[in-house]
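Computed from the coordinates by the stated procedures, all read-outs in this text should not be read as laboratory data. Predicted model, so just to flag it, every value in this text is computed and none were measured. FYI the Cβ positions are ideal-geometry reconstructions off the backbone, even for glycines, and counts take in every protein chain you see.
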Amino acid sequence: MFSNDQLSKLTQLKQNIRSSRDIAQGTIRATTGRFGFVVLDDGRDAYLNPDQMERVFPGDRVEVEVTKNKKEQYEAKLEKLLESSVTFLSGRYRVRGKGHFIATDLTNFDRWIFIPPKFRMKCTEGCYITAKVTQHPFKDGRAQAKITQNVGDDNTPYIEKLYSVCKHRLDNEFSDDVTEAAKALIAQPLQTLEQNSLETTDLRGVEFVTIDSAATRDMDDALAITPTDNGWFLSVAIAGPSADINLNSTLDKAARKRTQTTYFADKPLTMFPEELSIERFSLKVGEERKSLVFQCEIDSDGKINHFSFVPAIVKSHAKLSYVQVAALLNDQEYKANPTLSDPAEYKATLEQLQACAKALHSYRQAHHIVIENRPDFALYLNNKGKLENIEKIERNCAHSIVEEAMLVTNRCAGDFLAEHKAGLFVHHRGYREERRQDIETLLSEKTQTEINKTEELDSYIKTIKTLQQHDDAKTLLSIQQRFLEASQLSTEAKPHFGLGFAHYATVTSPIRRYQDLHNQRAIYQILAKQAPAPLNSQQLQQMQDNIKESRNASIFMEKWLICDYMNNKVGESFNGTVSLLTNQGIGVRLDDSGIEGFVAAKRADKKKPDAPFDKISFNNQRMELSWNETPIQLDQPIRVTLVRCDNEKKKLEFSFSE
């Protein structure tokens, strides 16, 4: 037996030994290889070898002992698992001998995890599944999971969409309580003007028209215009779901959970049940609807002289398509469509809308930022959900009419909400802070003009206009785009550098985006002299995460469909443009389809010193690449040949055409 004195000395010895070791806490970061890193809380990165990496998941919080190797690089040895957020898995069911596994397909997490017999749900080789972690690998490197859903296999119709929805944890169906709440709302008659608690204007006689794709059914905006002595009086009627849906009601919570309508190649996952989005709220022709109407006085130069938001009852007079409106305004023939109105009956209105849009566009070019958009492409599927055709969507003057009307509405909504310190803003900070000095130095050199203070909106706008007027504008604009941050939602009224606006708060799509619903509700409350209810930080972060997952789900499905579609085109050559520069090769975007792939550089092989390889040099600070001493620039035209379709990773590999 040890005496108390001996036990005390032993405890002190252990503490001294521990204090002499470099013990730190951090977060696991995975790589494309089997090894990983621990991003330590003190800012250091410590290497984690493959054996240690087998005991953790990406994102795990751990305590480690940090040492240095012979190259004076930090290495980590696992001491304790503090926290693990990985519980959900997605991937394919794999059978190897007597072992059954889920081969995960999460980002930088392509591990095989064992599934015990009682948790296999009678799945077979190759099934697409989701699973739940039942045993963390920290103790012995042996993780286990149980299957939560068997989505289907390669022969399941629309498997690409079904699996993408499950993989990104989107709600494919509305719960029973949401469905019942929707039915109850539909059963309620539209309130009359006299029944509205907020003073409501009767605008049923105003000639509002919707302009959208012919197939669109959830129409959340309509336009009307009247010429004035020095410009126009523009009205934008916005569908008014917030007048019917109370904050934190069953329908409101369901919409916030989805955050936005997710658009897939076949059919969208709507934010509201369809009986609401395409019936109750949609601005259907000839039917009275509650609406928040944006009214704006615009002079002939496109300057906004005055604007207001008005609660109203409106009635859409026509449903028009982009194609028909553009044909009419360009004096071209168009086909009649029984589901659409005849645009010829509204020619005078459409001509005024076009003239107003041109003025608004010119004003934006002079005072804000107008960037040329990349073309969009439509994917058409067959009855089994496989990609059959890709068509480029040609932008026309009708698209410009709607775009300018939406931009001016959302810009003014941003100013209005900023004044009242309410709402959600789309905040874009411009260049990433850690790259700001690099891009300012590079652009100063390229333009022979002093570029600085780009963290200020006015200076940033001036910088973009300098680039747009440069002889090499296309290349310089492409380069600077790679230094930009992504936009974020913010409860603070901050600028949108990408558009050159002091404030930008979207309100024009409350049927499709929760942020628009939230902003519309805030405007209604302000007009009623009530304090708008803000979102808390947790709700805002959840919305950001939901938007990201929604976009990722759409992208994942499209990449899968495209990879299958291109399988029988291996060996064919295509025209494209350079979309990405890296030290591994270049990204390419095909001109006729928008399909993206990669041209990888051939690396030197130490085991085969005589084998040909590519000499590639990439300067990340300057976005300059040399390939076998030939310079390659962003947006440069290129001819490539499809070499391989990686169906597992949903990637296309190209080579330079001879």
Pairs of Cα atoms farther than 20 Å apart, segment 22-83, %: 13
Of all the Cα-Cα pairs you can form in segment 227-381, what percent are over 20 Å apart? 67
With unit charges on the beta carbon (Lys/Arg positive, Asp/Glu negative), name the residue among 355, 518, 219 whose Cα is farthest towards the positive pole of the charge dipole of the chain. 518
Cβ-placed point charges (K, R +1; D, E -1), dipole of segment 518-658 about Cα centre in debye, nearest 20: 480
Candidates for semi-axes √(5λ) of the Cα gyration tensor in Å are (1) 45, 32, 24; (2) 38, 31, 22; (3) 48, 32, 29, and the calculated one carries label (3)
As an exercise, identify the GluC sites (Glu not before Pro) in segment 314-415 lying in DSSP coil whose Cβ has no more than 11 other Cβ atoms within 10 Å. 333, 372, 394
For Cα pairs less than 8 Å apart in space and 6+ apart in sequence, what is the mean separation divided by the residue count of segment 88-153, i.e. the relative contact order in percent? 32
Please name whichever of 188, 382, 619 sits farthest to the positive end of the charge dipole of the chain, dipole taken about the Cα centre and charges placed at Cβ: Lys and Arg +1, Asp and Glu -1. 619
How large is the charge dipole for segment 88-153, taken about the Cα centre, if only the Cβ atoms of Lys, Arg (+1) and Asp, Glu (-1) carry charge, to the nearest 20 debye? 320
If each residue of separation counts as 0.36 nm, what is the full-extension length gain between residue 605 and residue 51 once their alpha-carbon separation is subtracted? 196.8 nm
Charge dipole magnitude, Cβ of K and R +1, D and E -1 - segment 223-278, Cα centre, debye nearest 20: 320
Scan segment 616-654 for GluC sites (Glu not before Pro) in coil per DSSP, keeping those whose Cβ has at most 16 other Cβ atoms within 10 Å, and list them by number. 629, 648
Computed FRET value (nearest 0.05) for residue 184 with residue 310, which takes r as the C-beta separation and R₀ as 35 Å: 0.80
Between residue 592 and residue 624, what is the spin-label point distance in nm, taking each point 7 Å from the Cα along the Cα→C-beta axis? 3.6
Please determine, in degrees from 0 to 90 and to the nearest 10, the orientation of helix 397-419 with respect to the longest principal axis defined by the Cα atoms of the chain, where the helix direction is its Cα long axis. 80
Roughly how far apart, in whole Å, are the Cα centres of segment 588-620 and segment 446-478? 31
Taking the 0 to 90 degree range and rounding to the nearest ten, how far is the long axis of helix 537-566 tilted relative to the main principal axis of the chain, both from C-alpha atoms? 80
Report, to the nearest 10°, how far helix 176-187 tilts away from the longest principal axis of the Cα atoms in the chain, using its own Cα long axis and a range of 0 to 90°. 0
Note to self, the chain gives a 222 nm [θ] from helices alone (DSSP H runs n ≥ 4, -39500 (n - 2.57) apiece, / all residues, nearest 500) of -9000 deg cm²/dmol
Segment 544-633: chymotrypsin sites (Phe, Trp or Tyr not before Pro) in DSSP loop, at most 13 other beta carbons within 10 Å: 613
